[in-house]
1. Can you tell me which of (1) part of a helix (DSSP H, G or I); (2) near the ligand (Cβ under 10 Å from one of its atoms); (3) buried (at least 21 other Cβ atoms within 10 Å of the Cβ) is the one Arg165 doesn't meet?
2. Taking Ala200 as the residue in question, decide whether it is of a type in the set (A, V, I, L, M, F, W, C) and surrounded by 21 or more Cβ atoms within 10 Å (Cβ to Cβ).
3. Here are some residues: Arg104, Arg136, Arg77, Arg127. Which one is at pLDDT 95 or above, closer than 20 Å to Ala43 by Cβ, open to solvent by 80 Å² or more (accessible area, probe 1.4 Å) and of a type in the set (Lys, Arg)?
4. Condition check: open to solvent by 20 Å² or more (accessible area, probe 1.4 Å), in the same structural domain as Val125 (by TED's automatic domain parsing), touching a helix residue (DSSP H, G or I) at 6+ places or on another chain (Cβ under 6 Å) and not acidic (Asp, Glu). Does Lys83 satisfy that?
5. So which residues in region 30-74 are surrounded by 15 or more Cβ atoms within 10 Å (Cβ to Cβ) and of a type in the set (Asp, Glu), if there are any at all?
6. Being more than 13 Å from the chain's Cα centre (by Cα) and more than 10 Å from the ligand (Cβ to nearest atom) is the filter here; which residues of region 168-178 pass it?
7. If a residue has to be of a type in the set (D, E, K, R), part of a helix (DSSP H, G or I) and under 24 Å from Glu124 (Cα atoms) to count, how many in region 66-104 make the cut?
8. Taking the stated definitions as given, is Val57 of a type in the set (Val, Ile, Thr) and closer than 16 Å to Ile195 by Cα?
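The values are calculated or read from the model by the stated rules, or taken from the named source; none is laboratory data. Bear in mind the structure is a predicted one, so any value in this text is a computation, not a measurement. Methodologically, a virtual Cβ is constructed for each residue, glycine included, from the backbone with ideal geometry; neighbour enumeration extends over all protein chains shown. Side chains included, ligands, DNA and RNA excluded: accessible areas come from the protein's heavy atoms. Shrake-Rupley method; radii C 1.70, N 1.55, O 1.52, S 1.80 Å.
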Amino acid sequence: MPSPRKTRTKTPLRRWRESKAAQRARGKEIISRLREKYPNAAAELNYGSAFQFLISVILSAQTTDVTVNRVTPNLFRKFPTAKALADSSQAEVEDLVRQTGFFRSKAKSIRVASAQIVDEFNGEVPRTMDELLRLRGVARKTANVVLGEAFGLASGVVVDTHVKRLAQRLGLSEATDPVKIERDLMKVLDKEDWIFAGIAIIWHGRRVCDARNPDCDTCELNNICPSSTSPTRPTRSPFTAKLSA
Ligand code: SF4
């Protein structure tokens, strides 16, 4: 029978004092273990094109991927392309995305972003961070997700609520601002791991390192995570010892 999880009311943040080299080595090991655990990690939104993925990501703000996946089949059946969505009526789109919450502003964002894609980018989703950030409803997190998932381009690390929490618990960033957390992760992790890291850390946050109830006892990272409550947690970073040996 699985052991009951410990319930926490506050995020337990503990740190190890370690050199940048030790922290980078630990970051590498974290990614390697996550690759083993989640070899098929990918975005959990359903889509048929880069455009549809972008729209799904905009709709996913403040709601779950499951909810977005419930509304997008009807939305994309009616408006499969940027041109079609740009020419839609606000009322019709509001009705289709109502379940995702904040439906008025989301409907406005996806219609305006579609019109921008048609007018400024020949109907194609742009492939650079700067261009994506010009679209209505698109901030760094959305742009990073789209560049990584739809185009395989590593321009940064996706930082959502899960990545923010895990970066802090894993001692990879002490910042609270997502832009600073992303900067820290880009320094600690190899560029070739940036796309996978964003997705896999989100998966780990959803499945194991829950916000209120992290399952440290079964977590694959419990002996390289300073915030672990598992008895396997060492008192100092194992990589500090390794690198100074
Ligand atoms: S050991 Fe795992 S579950 Fe526990 S805080 Fe660290 S990453 Fe989260």
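1. Failed condition: (3).
2. Against the criterion (of a type in the set (A, V, I, L, M, F, W, C) and surrounded by 21 or more Cβ atoms within 10 Å (Cβ to Cβ)), Ala200 qualifies.
3. Of Arg104, Arg136, Arg77, Arg127, the one residue that is at pLDDT 95 or above, closer than 20 Å to Ala43 by Cβ, open to solvent by 80 Å² or more (accessible area, probe 1.4 Å) and of a type in the set (Lys, Arg) is Arg127.
4. Judged against the criteria, Lys83 is a match.
5. Glu44, Asp65
6. Residues satisfying the conditions are Leu172, Ser173, Glu174, Ala175, Thr176, Asp177.
7. Residues that pass the stated criteria total 5.
8. Judged against the criteria, Val57 is a match.
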